[in-house]
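Have a look at the structure below, then the notes.
Bear in mind that the values in this text are calculations on the coordinates, not laboratory data. All values derive from a computational prediction rather than experimental measurement. We place every Cβ from the backbone using ideal geometry, glycine too, and count neighbours over all the protein chains shown.
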Amino acid sequence: MGERVRDQRHARRGVSFVASVGLLLTIVGCSKGPASSDSSSEAEKATTTTTIASGPGVTGAPDAGGSSPSSTIADSNPAVPGAVADPVPMDGVAEFGGNVRARLSAIEAVKAEAQLPGEFSGPAVALTVEIVNGSGEPIDLDNTTVDLANADGVSANEVTDPTRHALSGSLAAGKTATGSYVFTMPESERSEAQVRIKYAGDRPTVIFAGSVSNG
C-alpha cells in the first residue's frame with residue numbers, strides 16, 4: 001500500500017515537470033518573436049536612410065551669394081574631380097556661383113619655348129583668363145588652376161612664359177583680374193577642346209568647350 005502511494009506521487013511529479021518545461025519553452029518562443037521584428041525594422045530604417053543620403057537628389061550647401069548653384073552643376077564629369085558647372089562656349093561667360101564669373105578674353109596661337117624640366121617647345125595656345133568678382137567680399141586667386149584638354153580629355157602640357165602672369169593674390173569685391181597661360185597643343189587637336197578653370201575648393205570647375213583654333 002505504501003509503495004503504491006509513492007509511485008503515484010512520483011508520477012504526479014513527472015507530469016508537473018514536463019508541463020513546467022513546456023510552459024517555459026512557450027514563453028521563451030513568444031518573447032523572441034517581437035525582438036526579431038524590432039531588429040528587422042531597425043535594419044530596414046538604417047538601409048533606407050543610407051539610400052536617401054547617397055541619392056541623386058542630394059545637393060550641396062547654398063553659395064556665398066545666398067542661392068544654391070545646384071541647377072548649373074553637372075552631376076559628374078569623369079575627367080574633372082569635384083563639382084563641375086555646365087559647359088559654356090569659348091566666347092561665353094561661366095558662373096562659379098556667388099556672383100563670381102569667368103571668361104576667356106583672348107585665345108592666341110603662339111610658339112612655346114620650354115623653360116623648365118618637363119615642359120615642351122612647339123606650337124601652342126595662349127589663353128587669357130578674366131575673372132570678375134561681383135560678390136561683396138574679396139576672393140583669393142592664389143589657388144586658381146587653368147587646364148586645356150583635347151577632345152579625349154587629355155590635358156595639354158603647360159609651358160612657363162616669363163612675359164605672362166597667372167592669376168594670383170586677392171581680388172577685391174567689384175574688381176576684375178586677368179591671367180595668361182600657355183599650353184602646347186597640335187593644331188589637329190584644337191577644333192574640339194575644353195578649358196577648365198577652378199579658383200577655390202568650395203566652388204565648381206567651370207568649363208569652356210569648343211574650338212581654340214582661330215583665337
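Give me, ordered by chain and number, the residues 5 or more places off residue 159 or on other chains with an amide H under 5 Å from its own placed amide H.
Close amide H contacts, sequence-distant or interchain: 182, 183, 184.
Which listed residue (150, 191, 179) has the Cα farthest towards the positive end of the charge dipole for the range 111-215, taking +1 on Lys and Arg C-beta and -1 on Asp and Glu C-beta about the Cα centre?
179
Give the long-range amide H neighbours of residue 134: residues separated by 5 or more places, or on another chain, with amide H under 5 Å away, using H modelled in the peptide plane at 1.01 Å from N.
For residue 134, the qualifying residues are 100, 101, 174.
Taking θ as phi - 60°, what are the ³J(HN,Hα) couplings along the range 138-150 by the Karplus curve (6.51, -1.76, 1.60), each to the nearest whole Hz, with x for Gly and Pro?
x, 10, 9, 9, 5, 9, 5, 10, 10, 9, 10, 10, 7
Starting at the first residue of the range 177-193, write each ³J(HN,Hα) from the Karplus equation 6.51 cos²θ - 1.76 cosθ + 1.60 with θ = phi - 60°, in whole Hz, x for Gly and Pro.
Once rounded to whole Hz, the list reads 10, 10, x, 10, 9, 10, 9, 6, 7, x, 4, 5, 9, 8, 6, 9, 9.
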